[in-house]
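One structure is given here, and the rest of the page talks about it.
The values are calculated or read from the model by the stated rules, or taken from the named source; none is laboratory data. Treat the numbers as computed from the prediction; the structure is a model and nothing was measured. Note that each Cβ is placed from the backbone with ideal geometry, even for glycine, and that neighbours are counted across all protein chains shown. Side chains included, ligands, DNA and RNA excluded: accessible areas come from the protein's heavy atoms. Shrake-Rupley method; radii C 1.70, N 1.55, O 1.52, S 1.80 Å.
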Amino acid sequence: MPISSVLASPTSQMIQAYLNNPRLSNVKNIVFIIFVYKLLSFLNTTFLVHGPNRTYREVKTYLAALAFRCAKMVPSVKNKLETELGKAAKDIEDKVAPQDDNFPRYITLPKHGFSDEMMNKELARYSELPHTRWEEGRVSGAVYHHNKVLSDLSARAYRTFSSANPLHPEVFPGVRKMEAEVCAMVSALFHAGPDAGAVMTSGGTESILMSCKTHREWGKTVKGITKPEIVAPVTIHAAFDKAADYFGMKLIHVPIDPVTMQADMNAVKKAINKNTVLLAGSAINYPHGIMDDIVGMGKLAKKHNIGFHVDCCLGSFMVAFAEKAGYKLPAFDFRVPGVTAISCDTHKYGFAPKGSSIIMYHSKALRRFQYFKKGDWPGGIYASPSIAGSRPGALIAGCWASMMHIGEEGYIKEAKHIIGAQIKVRKAIEAIPNLYVYGNPATSVVAFNSKKYNIYDISDEMSKRGWHLSALQNPPGVHFTSTIPSADASDEFITDLQEVMADFEAGKITESGSTAGMYGMAATVPSSVVAEVAGAFIDALYKP
């Protein structure tokens with residue numbers, strides 16, 4: 001049927017008459033006016049709250065992401081991208097989960113349970129898989145002590161409380177008491193006041209998640225903020241990005257000073273707006289071991305009546321005991337006015353078993369915003385302090401036992417050893433031609449780059465000598481984290497780095513390694529593609 005016949009049909013004419021009805025036209029006009037009003041209000045609010053520069057950056061980022069999404073819809077681009085990502089995923093899988101025909105794979109339960117002899121054999125086989133020699137201090141961070149006595153103590157505590165669950169304090173009163181005592185002891189180390197409150201979590205990420213959730217709820221209840229924002233430097237731990245993603249918050253990253261590597265305080269001031277519920281700073285940060293201007297950020301938090309979280313997850317007991325060990329640090333804890341929360345990982349420099357951290361608040365009233373409570377659940381009244389319901393009481397016991405065994409004198413001794421090693425390594429790096437250190441490292445981490453060579457190539461050459469350094473980006477670099485094992489091996493690290501740099505200077509090393517290729521790729525493709533590769537890495541972890 002010709003289009004003209006369709007348009008001339010009675011049904012079509014009736015529809016046209018309906019659409020031309022004056023009343024409907026009025027409704028359409030009202031709807032249009034409301035849409036335009038809301039759009040203009042949104043743009044006006046965004047512009048006023050965020051300012052022209054930030055609004056421009058956000059629009060630019062959005063348009064770039066939109067353009068890339070559109071490009072991926074083109075069949076040829078989509079096919080090429082999927083092919084390249086497939087190759088990358090296969091390479092990652094081969095490296096992370098290599099298949100060995102001589103090594104059994106268990107993907108279903110054994111019909112009959114293993115005997116003790118067979119179990120010991122398999123446990124030994126798994127523990128002896130090829131790995132970086134962390135026992136010899138060849139890993140930057142990750143493992144913070146290699147004390148067999150302490151490990152045996154943790155295992156004994158774990159065995160004693162292996163069935164314990166603090167969700168049932170009436171059944172396991174000992175674990176309840178241990179957790180409360182650990183929280184009290186760590187709070188005292190960070191000079192919390194008598195009204196302070198703390199909770200033990202599974203690690204630094206959960207501590208940060210809980211603090212962000214707490215300040216979100218506080219901002220909503222006390223200040224009526226429904227679009228909560230966090231302001232933090234780009235060097236803040238990625239757990240803040242995770243918290244923003246999980247809890248529907250917006251994280252505003254501010255730049256750092258290129259010399260000090262601290263948060264740019266002018267940028268922090270400009271980023272604070274009526275939606276800000278939380279500032280965040282590090283003591284120390286993961287990339288460069290730098291302590292942000294905690295006092296300055298505290299003043300801003302107090303002025304604007306907003307929360308201020310100091311991330312001491314990596315600083316841990318090193319920042320807490322640095323002064324007693326003879327190293328002067330700027331103020332960073334609850335003695336700083338404006339600080340409302342501090343996170344500290346006891347499983348790092350508290351030398352506790354993996355899976356323990358403390359989130360502290362300046363008041364018990366603020367801590368209450370962290371809790372989840374359900375009063376009308378058919379299963380009974382339910383309440384939990386953090387994300388998990390059931391929690392491993394054995395890890396709480398291991399943390400308590402580690403802290404009680406080491407004691408204040410032990411932590412001071414290790415702080416002298418660990419911080420002293422970082423200073424020694426830093427001075428050695430600064431003395432090597434064409435290397436330089438980022439900022440002024442505070443305690444246990446020193447990050448560096450090269451003026452002449454690709455730092456990732458340097459890292460790969462150190463890997464060939466058995467070292468596992470942490471790669472950094474934006475700007476490029478690697479860092480050395482001083483722990484008890486790596487501090488013991490610091491002289492060997494310095495010698496190997498000096499020899500590697502001498503080989504570069506002599507022209508003996510010319511080819512690029514895998515790290516240089518990976519981070520070179522990451523710098524040239526959209527972040528969404530890098531995220532896809534990161535996802536492939538996580539997928540590979542779960543390949544038996």
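A few points about this structure:
- With a simple spin-label model that places each label point 7 Å from the Cα along the Cα-to-Cβ direction, the separation between Asn26 and Glu492 comes to 8.7 nm.
- Local electrostatic count, Ala428, Cβ distance below 13 Å [Lys/Arg +1, Asp/Glu -1]: -2
- Rounded to the nearest 20 debye, dipole of the chain from Cβ charges on Lys, Arg, Asp, Glu: 2460
- Globularity index of region 88-246 is 1.47 (Cα radius of gyration / 2.2 N^0.38 Å, N = number of residues).
- q = 0.13, 0.18, 0.29 Å⁻¹: log10 I(q)/I(0) that the Debye formula gives for region 153-206, counting C-alpha atoms only: -0.40, -0.73, -1.16
- Net charge of neighbours whose Cβ lies under 12 Å from the Cβ of Val478, counting Lys and Arg as +1 and Asp and Glu as -1: -3
- Ratio of Rg to Rh over region 232-278 (Cα coordinates, Kirkwood Rh, two decimals): 0.99
- Å² per residue, accessible surface of the chain at 1.4 Å: 54
- Once the Cα atoms are used to define both axes, helix 75-96 deviates from the longest principal axis of the chain by about 20 degrees.
- Accessible carbon and sulfur surface of region 401-456 relative to its total accessible area, %, 1.4 Å: 50
- Surface composition of region 345-390: carbon plus sulfur atoms hold 61% of the accessible area, using a 1.4 angstrom probe and ignoring ligands, DNA and RNA.
- The share of Cα pairs per 10 Å bin across region 398-544, counted from zero up to the longest distance, runs 10, 33, 29, 21, 7, 0 percent.
- The angle separating the long axis of helix 490-505 from the principal Cα axis of greatest extent in the chain is about 60 degrees.
- Extended-chain gain in nm, criterion 0.36 nm per residue less alpha-carbon gap, Lys250 and Glu505: 87.2 nm
- Subtracting the Cα-Cα distance of Thr221 and Thr55 from their residue separation scaled by 0.36 nm leaves 57.0 nm.
- The shape of region 117-191 comes out oblate: with a ≥ b ≥ c from the C-alpha gyration tensor, a/c is at least 1.5 while a/b does not beat b/c.
- Excluding the site residues themselves, the longest part of the chain lacking any chymotrypsin sites (Phe, Trp or Tyr not before Pro) in a DSSP loop with at most 11 other Cβ atoms within 10 Å is 107-541.
- Under the Debye formula (equal points on every Cα, no solvent term), log10 I(q)/I(0) of region 63-146 at q = 0.11 Å⁻¹: -0.65
- Qualifying GluC sites (Glu not before Pro) in region 447-512, DSSP loop, other Cβ atoms within 10 Å at most 13: Glu511
- Restricting the calculation to alpha carbons of region 279-381 gives Rg and Dmax of 16.0, 56 angstrom.
- Charge dipole of region 80-193 (Cα centre as origin; +1 on each Lys and Arg Cβ, -1 on each Asp and Glu Cβ, all else neutral): 160 debye, rounded to the nearest 20.
- Once the gyration tensor of the Cα atoms in region 330-370 is diagonalised, the equivalent ellipsoid follows with semi-axes of 22, 15, 5 Å, ordered largest first.
- Computed helical MRE - 222 nm, the chain, DSSP H runs ≥ 4 contributing -39500 (n - 2.57), nearest 500: -17000 deg cm²/dmol
- Peptides 422-434, 283-295 ranked from most to least packed give 283-295, 422-434, packing being the mean of other C-beta atoms within 10 angstrom over each peptide's residues.
- Across every direction, the projection of the convex hull enclosing the Cα atoms of region 363-461 has a mean area of 12.2 nm².
- Cβ-based charge dipole, the chain, positive-most Cα from Val175, Gln262, Phe369: Phe369
- Sorted largest first, extent of the chain alpha carbons per principal axis (Å): 92, 62, 61
- The Asp101 and Glu136 beta-carbon pair, evaluated with R₀ = 30 Å, returns a calculated FRET efficiency of approximately 0.50.
- Taken over region 191-242, the convex hull of the Cα atoms encloses 121 Å³ per residue.
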